[in-house]
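These notes are about the structure you will find just below.
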């Protein structure tokens, strides 16, 4: 039986770039948002744009969970997913919760909401995702008495090796310096959601965030929310969850 590591994210949080780092390690069997199929295909909560459903992929929560557990019998597994795909029923699945090493990734919602709305103007309040993340983390902490590891996207961009190194240590993974220089082709299973991840597919690594970029993010949100006022409501709703999660963020590991 091998480790199964879950990175619980929210959309447009730099989770795909973080997944790319994990894939470049070369020692993990990686899955890209497998529980998306339960939310958008099996339960059909809504129709997700830019999603090319793959034939043969399990669609129900139970079938997806069983697939991941089976893969974990063969080799170490990593998957990244959105917490809102699996809440609240994952907390009723003690076997899976206890089998998985859970960690979390958050990004400033002002930036993530703007990015999501640009690709999907029909995005719902739930799909912003941070509230579900906090609820999942608190549920896991209540179950185990331990707080899962949390990292912030902005911290990863400013110190990729330090922050991801701290995450690896928290998850019991050895260092893998080659993972930060992306030499391999983008994963084939990203093709099902190519419209969401074109930039990271074309990148060769993570670039630092600048103060100019932060200011542009704030301006972009202000301009977009002026035309779509409900986005400010989304931001107000999810910001307390973001703050609570960001306060738990790991400090960079010494190189």
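Is it the case, given these coordinates, that residue 235 is buried (at least 17 other Cβ atoms within 10 Å of the Cβ), closer than 18 Å to residue 83 by Cα, modelled with pLDDT of 95 or more and touching a strand residue (DSSP E or B) at 6+ places or on another chain (Cβ under 8 Å)? Spelling it out, it is not the case that residue 235 is buried (at least 17 other Cβ atoms within 10 Å of the Cβ), closer than 18 Å to residue 83 by Cα, modelled with pLDDT of 95 or more and touching a strand residue (DSSP E or B) at 6+ places or on another chain (Cβ under 8 Å). Considering only the stretch 139-150, how many residues are exposed (fewer than 14 other Cβ atoms within 10 Å of the Cβ) and either touching a residue at least 40 places away in the same chain (Cβ under 8 Å) or part of a helix (DSSP H, G or I) (or both)? Here the count works out to 4. Evaluation of residue 19 against the conditions (1) more than 20 Å from residue 153 (Cβ to Cβ); (2) touching a strand residue (DSSP E or B) at 6+ places or on another chain (Cβ under 8 Å); (3) at pLDDT below 95 shows that the sole unmet condition is (1). For the stretch 49-75: of the residues being in contact (Cβ under 8 Å) with a residue 60 or more places away in the chain and closer than 24 Å to residue 106 by Cβ, which is surrounded by the most Cβ atoms within 10 Å (Cβ to Cβ)? Taking the candidates together, the pick is 68. Of all residues in the stretch 173-182, at least one satisfies being in contact (Cβ under 8 Å) with a residue 24 or more places away in the chain, outside any helix (DSSP H, G or I) and surrounded by fewer than 17 Cβ atoms within 10 Å (Cβ to Cβ). Considering only the stretch 71-90, I want to know if a residue exists there that is at positive phi and at pLDDT below 95. Looking for residues that are at positive phi and at pLDDT below 95, one finds none in the stretch 71-90, hence no. From the list 34, 58, 121, 49, the lone residue that is farther than 22 Å from residue 147 by Cβ and touching a strand residue (DSSP E or B) at 6+ places or on another chain (Cβ under 8 Å) is 34. Considering only residues in the stretch 118-133 that are closer than 19 Å to residue 51 by Cα and touching a helix residue (DSSP H, G or I) at 6+ places or on another chain (Cβ under 7 Å), the one that is surrounded by the fewest Cβ atoms within 10 Å (Cβ to Cβ) turns out to be 119.
Looking across 247, 211, 223, one residue alone is at pLDDT 95 or above and over 21 Å from residue 131 (Cβ atoms). It is 223.
One residue alone among 166, 132 is touching a residue at least 12 places away in the same chain (Cβ under 8 Å), over 24 Å from residue 207 (Cβ atoms) and in a helix (DSSP H, G or I), and that residue is 132.
The values are calculated or read from the model by the stated rules, or taken from the named source; none is laboratory data. Quick caveat: nothing in here was measured; it's all calculated off a predicted structure. Here Cβ is always computed from backbone atoms with ideal geometry, including for glycine, and neighbour counts include all displayed protein chains.
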